[in-house]
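To start, the structure itself, in structure tokens.
The values are calculated or read from the model by the stated rules, or taken from the named source; none is laboratory data. Predicted, not measured: the structure shown is a model, and the values here were computed from it. Cβ placement follows ideal geometry from the backbone for every residue including glycine, while neighbour counts extend to all protein chains displayed. All accessible areas refer to the heavy atoms of the entire protein, side chains included, with ligands and DNA or RNA removed. Shrake-Rupley method; radii C 1.70, N 1.55, O 1.52, S 1.80 Å.
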Amino acid sequence: MSFSLHGVGVSRGIAIGNAHIIERTELEITEHRISREKISKEIERLRDAVHQAKQNLRNVRSEIPETTAVDIAAFIDTHLLMLEDAAFTFDAERLIRDLECNAEWALKLQRDALAKAFDEMDDPYLRTRKDDVYHVVSQIQRILLNHAPLEHEVAGERLRGSIVLADELTPADSVLMQRHGVVGFITHYGGPTSHMSILARSLGVPGIVGVHGIRKYLSENEPLIIDASDGVVIGDPDDSTLTYYQNKKAAREEHISSLAQLRNAPSVTLDGHPIELHANVDLPEDFYSASEVGAAGVGLYRTEFLYINRTDSPDEQEHFDTYRSLIEALGGLPVTIRTLDLGADKDFDVEMGQQSGANPALGLRAIRLSLREPGLYWPQLRAIIRVSALGPVRLMIPMLSTLDEVRQVVANIRALQKDFSENAIEFDPQMPIGGMIEVPAAAICADSFAQYLDFFSIGTNDLIQYTIAIDRVNDEVNYLYDPLNPAVLRLIAMTLDAGRAASIPVGMCGEMAGDVRYTRLLLGLGLRQFSVHPSSLLELKQVINSTNVEQAQRSARAVLGTRDPDEFKQLIAELI
Ligand code: PEP
Ligand code: MG
């Protein structure tokens, strides 16, 4: 009999296939004492295993098809870098020497210590790093114990057409799954910001994470359907369910291929309003995806991702080189470089800026941290100002909440520009300076902020969090996270009005901008610039090109005007 399970869909699309379960029982690692004279041999054994693990990963890397998104290789490289990091093996070797123990045990102790440190930080991005450590350590341990590499379980012809079920999966798994024709995956653990989720999106493989208890309900070879758009898993579907999803899948595939032809089409509404569609990029590997989908530019480059996987902070030259490659990848289109947004859920292990306090999202985050730490901030500002000589660059300030912050940043930039002029260093004196509107205080005072800024970008991810007072990374209150909350809509409208009154452009770069359910409403509220993940851009263009703005405006006005919740729901439904 058919039944359904629910989780979080991490890419859109439907997969139909038979279940293939991957059991990864924890390796049994026991402690052995190694006599003093055999210590150097044990260290040698560890080094050989690390070498072999590197070799295995390089083989996986060489299997990545040419056509695959570039960032997949980057994930494998993260594991390779870890294996190549001298400190990684040095610590394990030290443990072997100090404790006179076997290599497997030393690795386990080292892994546990790292995991504990990650756990204490309670940060989703760092938790992803913890998964990397687990994966890399178990690869080496398997080699030491003569087990087959983990990857072999998700590779092979027998997997073609199947849906993989596992407690959790790794980036390397995803490469091999795609290579060997796996059509979808379901995991017990994981969240939408894990590496697996990011990869699933970039590979276009439907996946659902966080389906608790999958092993209890699903068995090997069972026919399955997953609909990642809705986060639904259907087990043992009956004929009519199967036909329904086969048709839905075919319609989606046709829809996706029809979108490709929109790449060069203008983005303009039915009644002739041109709309700018920009791309959000996080990793240098994303730079080319933005131009591939025909984005008008980059509306948000989250530079804090330059800080992941390291304990030092990038210097001015490294910032400069990365921004230059972004400018080159975009070939003359405008790029918006957002200054550091470290802190809260992006608290990387850099030299400074460790988060503190009970409410890190309300603490020393983003521009607050930057202004407190000129040693961290100024090299970045200098790099952005320098790189403005090479192409159209816009500088964007995250998480502004007071006018004073705006004035301080602008003053810092002007001081640096003056210094550059005096030293004959080239830069663009007209470089626009904009601010993110993602705190209610900024939205309410957007008219004041507009006096000092050249553009706004609405960051709905945080604006929703701060307006409704819900932690955006806390599963327990996720049900309250609603972009359609009337308070959020009013703040968006206020920001758009303030931008219009001051004649400065207002864009939106939060996830709400890329969700086509809200496109008509946003157009109706007056939004004319969207910045979204490249994979959402063409679908968004399609909705825009089939919208009549005048009509959307009337409905949006009614949405803002009503105080009747039923009427509100009905008006929203008409706009979707
Ligand atoms: C936002 O808050 O909407 C935003 C785009 O910034 P981030 O998601 O990086 O906080
Ligand atoms: Mg934000």
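So what is Rg over Rh here for the range 1-65, counting just Cα atoms and using Kirkwood for Rh?
1.21
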Which far-off residues, 5 or more places away or on another chain, put their amide H under 5 Å from the one on Met396, with H placed in the peptide plane? Ile337, Arg338, Thr339, Gly434
I need the phi-derived Karplus couplings for the range 263-278: 6.51 cos²θ - 1.76 cosθ + 1.60, θ = phi - 60°, integer Hz, Gly and Pro marked x. 3, 9, 6, x, 9, 8, 6, 4, 9, x, 8, x, 10, 8, 10, 10
When the label point is put 7 Å from the Cα of Glu84 along its Cα-to-beta-carbon vector, which residues of the range 36-63 have a backbone N closer than 15 Å? 51-62
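Report, to two decimal places, the Cα Rg of the range 211-311 normalised by 2.2 N^0.38 Å (N = number of residues).
Taking the Cα Rg and dividing by 2.2 N^0.38 Å, one obtains 1.59.
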In whole Hz, with x marking every Gly and Pro, tabulate ³J(HN,Hα) for the range 228-234 from phi via Karplus 6.51 cos²θ - 1.76 cosθ + 1.60, θ = phi - 60°. 5, 5, 9, x, 10, 10, 10
Charge dipole (debye, nearest 20) of the range 412-567; +1 at Cβ of Lys and Arg, -1 at Cβ of Asp and Glu: 520 debye
Return the distance in nm (one decimal) between the two label points of a simple spin-label model at His6 and Val268, each offset 7 Å from Cα along Cα→Cβ. 4.3 nm
For the range 460-561, the percent of all C-alpha pairs falling in each 5 Å bin, from 0 up to the bin holding the max distance, is 2, 13, 22, 23, 22, 12, 5, 1, 0
Please list the equivalent ellipsoid semi-axes of the range 373-457, computed as the square roots of five times the alpha-carbon gyration tensor eigenvalues, in descending order and whole angstrom. 24, 13, 11
Where the only charges are on Cβ atoms (+1 Lys, Arg; -1 Asp, Glu), what is the dipole of the range 235-332 about its Cα centre, to the nearest 20 debye? 360 debye
Between Leu27, Gly434, Ser313, whose Cα lies farthest towards the positive end of the dipole of the chain when Lys and Arg beta carbons carry +1 and Asp and Glu beta carbons carry -1, centred on the Cα centre? Gly434
Suppose every K and R has +1 on its Cβ and every D and E has -1 on its Cβ; what is the size of the dipole of the chain about the Cα centre, in Debye to the nearest 20? 740 debye
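Pull out the extension gain between Glu422 and Ala469, defined as 0.36 nm times the separation in residues minus the alpha carbon to alpha carbon distance; nm, one decimal.
On the way: separation 47, 0.36 × 47 = 16.92 nm, distance 4.67 nm.
Taking Glu422 through Ala469 to full extension adds about 12.2 nm, to one decimal.
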Mean accessible area per residue over the range 507-576 (1.4 angstrom probe, all protein chains present, square angstrom) is 42 Å²
In percent, how large is the relative contact order of the chain, given Cα pairs closer than 8 Å and 6 or more residues apart? 14 percent
If I compute solvent accessible area with a 1.4 Å probe over the protein chains, what percent of it on the chain is carbon and sulfur? 51 percent
Quick one: check the C-alpha center-to-center distance for the range 375-438 versus the range 499-547, whole angstrom. 26 Å
Given H placed 1.01 Å from N in the peptide plane, which residues other than close sequence neighbours of Val298 have an amide H under 5 Å from its amide H? Ala279, Val335, Thr336
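Work the Kirkwood hydrodynamic radius out for the chain: mean of 1/r over every pair of different alpha-carbon atoms, inverted, in Å.
Values: mean 1/r = 0.0390 Å⁻¹.
25.6 Å is the Kirkwood radius here.
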Given Lys38/Lys130; Lys54/Lys130; Lys41/Lys108, which pairs have Cα atoms separated by over 21 Å? Lys38/Lys130
HN-Hα couplings for the range 93-105 via Karplus (6.51, -1.76, 1.60; θ = phi - 60°), in whole Hz with x for Gly/Pro, come out as 5, 5, 5, 4, 5, 5, 9, 6, 10, 6, 5, 4, 5
